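Each remark here refers to the structure printed beneath this line.
The values are calculated or read from the model by the stated rules, or taken from the named source; none is laboratory data. Just so we're clear, the structure is a prediction, and the values are computed from it rather than from any experiment. Virtual Cβ from ideal backbone geometry, glycine too; neighbours counted across all protein chains shown. Protein only, heavy atoms only, side chains kept; ligands, DNA and RNA dropped before computing areas. Shrake-Rupley method; radii C 1.70, N 1.55, O 1.52, S 1.80 Å.
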Amino acid sequence: MIIGETPLPEGPLGVDAVAVTMKFGDFLALDNVALKVRPGSFHALLGENGAGKSTLVKCIMGYYHATEGDILVGGREQAIANPKDAHALGLGMVYQHFTLVPAMTVAENLVLARDDVPAVVNWAREKQELEAFLARMPFKVPLNARVSDISAGERQKCEILKQLYLKRRFLILDEPTSVLTPGEADEVLGMLRDMVVNGGLTILMITHKFREVMAFADEVTILRRGKLAGNGKVADLTPDSMARMMIGAEELTVQPPRVGQLGEARLELSKLCAIDDAGAVAVHDVSLTVRGGEIVGIAGVSGNGQRQLVEVLAGQREAESGEVRVRGDLYSASREEMRRHRMSLLPEEPLKNACVGGMSVADNIAFREFDRAPFATRGWWLNRSAFRKDAERKIGLYKIKTRSPDTPISALSGGNVQRAVLARELGGEVEVLIAANPCFGLDFAAVAQIHAEIMAARNRGAAVLLVSEDLDELLELSDRLVVMFHGQFVHEARASEADLTEIGRHMAGH
Amino acid sequence: MQLVLEKRAERSNAIALISPLIAIGLTLVTMSILFAMLGKNPISALGVYFIDPLVDGYSLQEIAVKATPLVMIAIGLSLCYLANAWNIGAEGQFLIGAVAGSWLAVKTQGTDAGPWVLPAMLLLGAVGGALYGLIPAICKVRFGASEILTSLMLVYVADLLLDYLVRGPWRDPKGFNFPTTAEFDPVATVPVLIEGGRLHLGGVIALVVVAAGAVLLAKTIKGFEIRVVGAAPRAARFGGFNSNQLILLAFAISGALAGMAGIIEVAGPVGHLQPGISPGYGFTAIIVAFLGRLNPIGILIAGLFLALTFIGGEQAQIAMKIPLDVTKVFQGILLFFVLACDSLILYRFKLVFASPKVSRGAH
């Protein structure tokens, strides 16, 4: 800040992004986008993944420098060279993932986040000041508890409190509720809303949940593929009109209706235990049966052992004890077993977990079947033209956008990588399907297509195990719902009779 | 203002192709500085290194002779490296192959054994190298031991075993106590291609190995599996690939090729078993494999290039009194630059200015 300049106005800050364009090489991430957040308002920034929401707030916070356009803070143009400049102006950001130090207490985390931490901290005085600060805040957090001991909801509150403690007057929240149960999300957003209404704070929240926009935001700005798709007062809009602005004219795949009958038990887990990379128990004594023609959903806040469970089923992690049976046979995730039982897997982060990034789309689509006819002959030779023919057919069938079958799969967008995996995993007959967050980070068109495919596989009689952090997705697709908490299954319900608050309570471990 | 490495959106195929050339260029510049510091004229030194051997018929043959073991070993190493198995011990597998094949040559010496001896020696060399290569592979698969350490340490074991044999049981009784076996019989010797020349049948075998490596990687199931296991271990486990089996296979092939190169070297240009049969072929082949982009054709070219540095180094020693160790320095610098330049495939340099206003002009 220049000395002698008049200070920024008191109270809540407004931020304007004027005609912001951001290029990464040839890629136009933001194209002449405008965002006007009035002081003292709760503003939602809505858009699909890849629409440019994160890029825009990173321009505001000084992580990126816009190729063109200006950022106005409190009505004045500011050159924000780095996040430190943004902090000095009173802008703060709460990230999707936690930035607190787990081994330290809440109080230590708050004090050490300050720019002016003295060499010797007078903890007694700091504690007193913190108590006084907390008394003014609507959130209550246990100051002396270790961060590793408190729940996800409390951690998210700490993250927000940290920003307020650092005297930030403009808060950017990046999908703040993605790690919270529905109950926790409503509580946190409700309190933030109260603070905005009572003055002193402006909030810009990135989200893709219409429910949160309708319930808490005053105004909304919608981005689509790097362009401004619309904005206005939430009161004047409906979820439908916002969805149309987000998606544009694209047509979505229609999900087939739920039909068919329950078959025999296909996938049985009994007393399965697994440990995580750090050696802690991640999956504890888990038993479950999935029958043909049903989708069993596993709900839970991220980090409760779902990932390790899926890795065991995918052959990426060895179980410590317990067993997995597929159609009565012991299963150890070998190639031969996967093939014999027609197992398909849609893992999370498909590029990392299920693809060879440097190899072509055709090679990746043939990944499961390359050593069988028609892809291989005489147990030794590959038939390259069969690779290509099959890939071309599936690229058309699954609407995979790629320059050619020979393009490396890492060059494709996330949605198209997942489509390619979908083509590979669901292109043939499926008897057991295991899907883990299959739609994470994808656009509406891809999500609709994947949901339709999963439902279609179920209707054809496949046993489907769907692990997801998205409760809406689970409620939409599942026949049965199981809640996983601290590595154990703690609750089970029929999806049609499931009570959202009940499930939320179990997700939080109550 | 600062210089930062920025990740490219996509890997640059153009850089992937020219990166070895950039590396060679940078190496030549560095070497020129080194020659100048040694008090030699850089231009004439580089001339002796890289031009003179190419204009002399004898040197050309010698380049092919030196390239033969380099290429054979590097093809095997490239399979290991593609499978993410770090075989650093090709030198040891080379020596054990030489020992295993020489056993037959020593045992049949002076008998009237027929022309089956040489093929049998080559086979023994390959089997010996493969078994020796399997030791670190089994330790890795079974106990999780780092193959980098075990394969490297086994080089010294092989070296000492060879030393013991030629100083002890296999020493030529008429050899004036020199640590060497007797000259191999003609049936135990790799024939030369041109009468009176140095170029031998091993060169042809190396070309066959290059072709076989190319076919294995591009056209076969095993080649596909090796590439998948190396490029994406998580995805390979997801697909139910048996990565342990592939690591064993890669080490076995790699060891077999190094071992066969070893016995060809002994039964060819050297003619008998003695210490110092390798001027570090097994280590230089690591450079050949990476300089050749782990691609069989690239390895052939890179092998010829590094053979040139060996020949050029010898000539520079004779003509300009440049120490032979400079060749090793040269090869080391080359590997350094090859690996360094490879980061440009995935990253690019970018100037970052402190103020955003300035950076706009730079976009």
If you go through region B:244-259 one residue at a time, do you hit one that is surrounded by fewer than 20 Cβ atoms within 10 Å (Cβ to Cβ), within 14 Å of another protein chain (Cβ to nearest Cβ) and either more than 20 Å from B:ASP163 (Cα to Cα) or in contact (Cβ under 8 Å) with a residue 40 or more places away in the chain (or both)?
yes
Only one residue in A:LEU313, A:LEU309, A:LEU345 is touching a residue at least 12 places away in the same chain (Cβ under 8 Å), open to solvent by less than 10 Å² (accessible area, probe 1.4 Å), closer than 25 Å to A:GLU264 by Cα and at the interface with another protein chain (Cβ under 9 Å from one of its Cβ atoms). Which one?
A:LEU345
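Here's the yes/no breakdown for (1) at pLDDT 95 or above; (2) touching a Phe, Trp or Tyr at 6+ places or on another chain (Cβ under 6 Å):
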| position | (1), (2) |
| --- | --- |
| B:PRO69 | yes, yes |
| B:MET72 | yes, no |
| B:ASN84 | no, no |
| B:ALA90 | yes, no |
| B:LEU95 | yes, no |
| B:LEU122 | yes, no |
| B:GLY133 | yes, yes |
| B:PRO136 | yes, no |
For a quick check of your reading: which strands (runs of 3 or more DSSP E) sit entirely within region A:11-104 and have at least 1 residues that are within 12 Å of chain B (Cβ to nearest Cβ) and surrounded by fewer than 23 Cβ atoms within 10 Å (Cβ to Cβ)?
A:15-24, A:27-37, A:68-73
Within region A:364-377, identify whether any single residue is over 18 Å from A:GLU429 (Cα atoms), loosely packed, with under 15 Cβ neighbours inside 10 Å and modelled with pLDDT under 85, and answer yes or no.
yes
Restricting to region A:267-306, name every residue that is open to solvent by 30 Å² or more (accessible area, probe 1.4 Å) and in contact with a strand residue (DSSP E or B) (Cβ under 8 Å, 6 or more places away or on another chain).
A:GLU268, A:SER270, A:LYS271, A:ILE275, A:ASP276, A:VAL281, A:HIS284, A:ASP285, A:SER287, A:THR289, A:ARG291
Matching residues in region B:193-206 (surrounded by 14 or more Cβ atoms within 10 Å (Cβ to Cβ) and without any contact (Cβ under 8 Å) to a residue 40 or more places away in the chain) number 1
Given (1) touching a residue at least 24 places away in the same chain (Cβ under 8 Å); (2) open to solvent by less than 10 Å² (accessible area, probe 1.4 Å), identify the lone condition not met by A:PRO408.
(2)
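Where in region A:116-208 are there helices (runs of 4 or more DSSP H), lying wholly inside it, with at least 2 residues that are under 18 Å from A:GLY90 (Cα atoms) and either assigned by TED's automatic domain parsing to the domain that holds A:GLU219 or open to solvent by 40 Å² or more (accessible area, probe 1.4 Å) (or both)? Can you show your working first?
Numbers: elements: A:123-136, A:152-165, A:182-197.
Answer list for region A:116-208: A:152-165, A:182-197.
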Give me the residue from region B:218-243 that is among the basic types (Lys, Arg) and buried (at least 17 other Cβ atoms within 10 Å of the Cβ) and, out of that set, farthest from A:GLU337 (Cα to Cα).
B:ARG227
Checking the condition touching a Phe, Trp or Tyr at 6+ places or on another chain (Cβ under 7 Å), in the same structural domain as A:SER478 (by TED's automatic domain parsing) and among the basic types (Lys, Arg), which residue from A:ARG317, A:ARG307, A:ARG325 passes?
A:ARG325
Confirm whether B:VAL209 is open to solvent by less than 30 Å² (accessible area, probe 1.4 Å) and either among the charged types (D, E, K, R) or farther than 17 Å from B:LEU118 by Cα (or both).
yes
